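First up is the structure itself, then whatever we jot down about it.
Here, each number is a calculation from the coordinates, and none is a lab measurement. Model, not experiment: these values are computed from the prediction. No Cβ is skipped: glycine too gets one built from the backbone with ideal geometry, and neighbour counts run over all protein chains shown.
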Amino acid sequence: MTTILCPTDFSKSSKNAIHYADEIAQRINSHVLLFHNIPEPVSTSSEAMGHEAGYPTKEEIKRKVKKLSKLKGIREDEEENGWGGSVSYETRIRYGETHQKIAHLAQEEKVDLVVLGTEEAENIADHSLADQVVQQVACPVLMVPGKVSFKPLRRIVVATDLRGFCPADMNLVLKLVNYFGAQLHLVHVLTKDDATARQFSLEELERMSKRITYQRVSHHVEVNASVCDGITQFCRTHRADMLVMGAHTPDAWEHLFRLGTEQKNDLQLPFLLVHAKKIRV
């Protein structure tokens, strides 16, 4: 069974991400782990207050109980109202640096997917958290913009630089495309039109598609001076429902992620980042 980790700060965007994760979980037989982190560590002033170091104060205990109550409310709401009603939920709370606790929990629970809600442009801290989580976890990370609602995945775009992807990296994507019968588009963007580079790229994409155990795969080479603009335009033209990229190309995905959240008329898609395994395509 797939385990999905959904960190939440109880904001509107994080609740939206939980709803999105619930919809996916219903379809690929998943277990959902709801997680909230309390940024401050257990009180460092405990000794000065006459308490043994490392033990929570009464106020900290009250705060944790309150947060657990909120998590329980979200869990019960999803269990009651979720599509099909068969997803199981657990809750966790930790103290400390949020991105570190997410990474630790993902490792402890052998998480298969982390789902993060993304805020509007003014919340720069949210972008930073997503960056840090992607860098520290080994599993795929799905970033869900706050204004994106779940809909059946009919067209999934995998943008590749022709490095780092292998069939093992695509396990989660293949679960999704198989369930929905989606069209899988492999796309590579060239920064200038060169006949030799285009032919090489098409051959590499065709080789990749042959190694993916799925029939509805197409491959495309786009030309754009900006790789991010090329990906964005392709997703718009093909009415993509999800974009997949490799986490090993941070310059590209970080820029594209910020474009998607900062420009009202730009790309608004669920954005799945996949970590490449050692075996290469």
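Here are a few things to note about the model shown:
- Extension gain, residue 109 to residue 72, is 11.4 nm, computed as 0.36 nm per intervening residue step minus the present C-alpha separation.
- FRET efficiency, residue 193 to residue 215 (Cβ-Cβ, R0 30 Å, nearest 0.05): 0.50
- Cβ-Cβ FRET estimate between residue 202 and residue 237, R0 fixed at 22 Å, reported to 0.05: 0.75
- For the listed peptides 191-200, 171-180, a ranking on the average number of other beta carbons within 10 Å per residue, highest first, reads 171-180, 191-200.
- Subtracting the Cα-Cα distance of residue 226 and residue 268 from their residue separation scaled by 0.36 nm leaves 13.3 nm.
- Sorted by Cβ neighbour density within 10 Å, fewest at the top, the residues 118, 8: 8, 118
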